[in-house]
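Worksheet: one structure, shown below.
The values are calculated or read from the model by the stated rules, or taken from the named source; none is laboratory data. Note that the structure is a prediction, hence the values are computed from the model and not measured. Counting neighbours? That spans all protein chains shown, and the Cβs are built from the backbone with ideal geometry, glycine included. The accessibility values were calculated without ligands, DNA or RNA, using every heavy atom of the protein model including side chains. Shrake-Rupley method; radii C 1.70, N 1.55, O 1.52, S 1.80 Å.
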Amino acid sequence: MKTSDFKEHAKNVLKGKWGVAIGAFLIFSIVSGLSGMIPERYSWVSPIIFVLITAPLSVGYAWFSLDVKRTDKPEIETIFAGFSKGYVRNVLASVSVSVFTFLWSLLLIVPGVIKALSYSMTFYILKDRPELSAYEAITESRKMMDGKKKQLFYLVLSFIVWYLIPIALYLVSAITLSMVYFGNSPVAWATTGLVCFSLASISLFAISFYVTPYYMTSVATFYDDYAKLETDESHLEHPNASGH
């Protein structure tokens, strides 16, 4: 399957579901953004919020996206399923994926990206394989993505074009404000920098309402119609390949 196939399928399954998909994204954004609202003197609370709230919420959001792909009437409450269905396992999986990806990124960006792609199916596997532990789900994701990372990378990359305008505005804002800060430009340029920053933030937020549900459903489609399917067929052809 091509990148366009996953995206076209995602747009088709989102028909009639955009309202609930955008609602789920909004709830996810608000709840996961709680850590950014913590005063600086209580910054130590942010990691705790990430572990206890954001980590299982991220799993639930992935499960919701899979339901958007699979069912006619996905329920918005599914984004909270990570708290009620294997909470500890979901937290361990989400935190482990974040930590492993971060550690690989310390080497270079490329190893970090490769490992992020390798671990990308973990949350979906947690939904379909509740008997697996967090580490087993991560391992299964690595096996599932063997030979498929490049295709998922192309899929992810295809969504970046949506953010080129906000990125460009942020760059203009950073350049103009830094020039003002170092005293090399008229203070009036600060207005330009602030306007560009505001426009970038507004456009980023607006674009995300459309792109994030579209992206999440596309990745869920990649898992359900390609990675998972090929893995299942491989197991049927080679029942002892997994070592079980």
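Each Cα pair under 8 Å and six or more residues apart adds its separation to the average, and for the chain the resulting relative contact order is 23 percent. Across all directions, the average projected area of the convex hull around the alpha carbons of the chain is 15.7 nm². Per residue, the range 71-134 exposes 56 Å² of solvent-accessible protein surface, assessed with a 1.4 angstrom probe and all protein chains in place. One Cα centroid belongs to the range 116-139, the other to the range 58-115; the line between them spans 9 Å.
Of the residues THR101, THR122, THR192, the one that moves most in a GNM of the chain with alpha-carbon contacts below 10 Å is THR192.
Computed from Cα atoms, the angle from the helix 189-222 axis to the main principal axis of the chain rounds to 10 degrees. For LYS149, the lysines whose Cα falls under 27 Å of its own Cα, not counting residues fewer than eight places away in the same chain, are LYS2, LYS7, LYS11, LYS69, LYS115, LYS127, LYS228. For the residues VAL45, VAL31, VAL156, a GNM of the chain with alpha-carbon springs under 10 Å puts the largest fluctuation on VAL45.
The listed peptides 209-222, 14-27, ordered by packing as a protection proxy, come out as 209-222, 14-27 (highest mean of other Cβ atoms within 10 Å first).
Residue by residue, the range 76-91 carries 3J(HN,Hα) couplings of 4, 5, 4, 5, 9, 5, x, 8, 9, 10, x, 3, 4, 4, 5, 4 Hz when phi is fed to the Karplus relation 6.51 cos²θ - 1.76 cosθ + 1.60 (θ = phi - 60°); x denotes Gly or Pro.
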